[in-house]
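First comes the structure, then the notes that go with it.
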Amino acid sequence: MNKTTSLWPMMAAVGIVTGIGMIGINPAAARAAGMAATITLSARQQGRLGLETVVLKSTFYKSTLSVPAVLARDPASVQIISSPLAGRLVALRHRKMPSLLSTVSAGLMLARLEPALTATETTSLRLMLAKVHAKIASAKISAYTAQLELHRATALFKSNQAISEQSVENAKAAYALAKADYASDLVVQRSLKAWLSGKHSQRGIPVFSGAPGRVVRILAYPGQFVAAGAPLFTINNFRVLLVRIFLPPNYELPNHPELSMHINRHRYVLHSIGVAGRVARVTGGAVLLATFSTKQHLRPGMLARVLISTRPQHPRKGFLIPRRSIVWWGGARWIFVHPAASVFVPVRLSGARVMAGGRFTAQPHLGRSPVVVHGAQLLLSIEESSSLKKSG
C-alpha cells in the first residue's frame, strides 16, 4: 500500500477536527458526557434517515412565562337550533336526520316540523275566524254597493247628465278597493280554516342549521312533540376554541403580550380577549381569555401550556433553538450541528432559556453551521447504539 494513500484518512480526520475547532465547537464536552465527538453519515444514510438542517438566524431574547391553561368552548361558535313553533318532529324524506357528532354544513335541513295548535291557540283562531266571517259579509255588501254606485255613475255620465268624469273615476276606485278588501278577507278565511283543519302540516316546516359545525347534542327525535322555542340541536364549531389561561397570583400582565401554545407538536398563536372577572381557585391568580383557530382534533377540556412572551427593555441577542432540535442526554440539553458534508457534532446547550418556539441561547458559534431540526433523536439513538457495541 502506498504511504501517501494510507495518510488520507488521518489527514481528513485532522481537517474535520481542525474545522470543528475553527467554528467554536469543543468536542471535549461531548467526550466528557460519554458521547462521540463526531458522527459520520454518508449522503445516502442522511437521506434514509430524513435528516433536515437549517442555519439559525440571530434574534432578540423575549422573556417568557409558562403557565397552565385549559381549552373551552367559544360561546360565539355555539349555536342552538330551536323549534319555531309547537308541533311534532318528523324525519326527512330523502335522507336521515343528522346523528350525534356528525358534521353539518351551513343551511343544511336538519328535520321537519309539523305544527300543532294548543287549546289556547285553537280558541284564538276560532274567534279570529268568526270575526273574519262577519267582516267578509260586510265586505261583500260594501263591494255590491260600490258596484251599483259605479253602474249608476257610468250611466249618468253616458247620458250627459249632471255628473263629472272625476266622479266616475272615484266610483271605480271605491269599487276596486271594496273588491280587494273582500278578496283579502277570503284569503284570511281559507288560511284560518287550513290551520284549524290540520291541512297546513302535510309538508311540514323545515328546520335548518346556521353556521357549519358538529352536532354535539340532540334533544328531540322524530315523532316527539316539542313546544315553541324548545331546543332541538346544539351545533358547535370546534375550529375556534377558547383558552382559559391561569396567571400566577399578583402577576402584572404586560401590554400587548405574545401568546403561544403547544399541543400535539403543533404551535398555535393565541389572540387575547381580556381578563376574566373572577380569580381561579387553583392558582389564586387572574384568568386570561384567548381564542385560536385550528383544523386539528382538539376538544374542550384538554390541558395545555401557554407561553407569555414579552421583549425586555435591553434584550440580548442570540439564537432560538427549535424545540424539536433539542435532545436530552446525561442531564443536559444537546443539539447536533452539521459543520461538514458527512459530519454531525453534538453540542451542549449552556444557559438556554425558555422562549416561545424552543430555547434561547447566546452561544455565538451556533450561527456558523447548520443545526439539525429533524432527526436529532435519531442521531442520539445512533450514538447510543455505537456506544453499546463498543462497551459490549
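Determine which member of the set 114, 149, 121 is in a strand (DSSP E or B), of a type in the set (Asp, Glu) and farther than 30 Å from residue 281 by Cβ.
114
Can you pull out the residues in the stretch 276-295 that are without any contact (Cβ under 8 Å) to a residue 24 or more places away in the chain and in a strand (DSSP E or B)?
Hits for the stretch 276-295 are 277, 278, 279.
Quick one: how many residues across the stretch 69-91 are surrounded by 14 or more Cβ atoms within 10 Å (Cβ to Cβ) and farther than 30 Å from residue 119 by Cβ?
9
Restricting the search to the stretch 241-271, which residues are farther than 26 Å from residue 325 by Cβ and aliphatic (A, V, I, L, M)?
Scanning the stretch 241-271 gives 241, 242, 243, 245, 247, 253.
Please go through (1) in contact (Cβ under 8 Å) with a residue 60 or more places away in the chain; (2) assigned by TED's automatic domain parsing to the domain that holds residue 278 for residue 192 and return the number of the only condition it doesn't satisfy.
Evaluating residue 192 over (1) in contact (Cβ under 8 Å) with a residue 60 or more places away in the chain; (2) assigned by TED's automatic domain parsing to the domain that holds residue 278 leaves (2) as the failure.
Here's the yes/no breakdown for (1) modelled with pLDDT of 80 or more; (2) in the same structural domain as residue 359 (by TED's automatic domain parsing):
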position: 25; (1), (2): no, yes
position: 28; (1), (2): no, yes
position: 31; (1), (2): no, yes
position: 39; (1), (2): yes, yes
position: 42; (1), (2): yes, yes
position: 47; (1), (2): yes, yes
position: 57; (1), (2): yes, yes
position: 86; (1), (2): yes, no
position: 90; (1), (2): yes, no
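Name the pairs: first residue in the stretch 112-127 and farther than 24 Å from residue 91 by Cβ and assigned by TED's automatic domain parsing to the domain that holds residue 196, second residue surrounded by 12 or more Cβ atoms within 10 Å (Cβ to Cβ) and at pLDDT 75 or above, Cβ to Cβ under 6 Å, at least 6 apart or on different chains?
Final answer for the pair search is 125/192.
Among the numbered criteria (1) of a type in the set (Gly, Ala, Ser); (2) surrounded by fewer than 19 Cβ atoms within 10 Å (Cβ to Cβ); (3) assigned to a loop (DSSP other than H, G, I, E, B), which single criterion is violated by residue 369?
Residue 369 satisfies every listed condition except (2).
Just to verify a result, which residue in the stretch 169-208, among those that are touching a Ser or Thr at 6+ places or on another chain (Cβ under 8 Å) and modelled with pLDDT of 80 or more, is farthest from residue 93 (Cα to Cα)?
For the stretch 169-208, the residue satisfying everything is 171.
Output the number of the condition that residue 314 fails; it satisfies all remaining conditions of (1) surrounded by fewer than 17 Cβ atoms within 10 Å (Cβ to Cβ); (2) part of a strand (DSSP E or B); (3) free of Cβ contacts under 8 Å to residues at least 40 places away in the same chain.
(2)
The values are calculated or read from the model by the stated rules, or taken from the named source; none is laboratory data. This structure is a prediction, so every number in the text was calculated from the model and none was measured. Please note: Cβ atoms are built from the backbone with ideal geometry, for glycine as well, and neighbour counts cover all protein chains shown.
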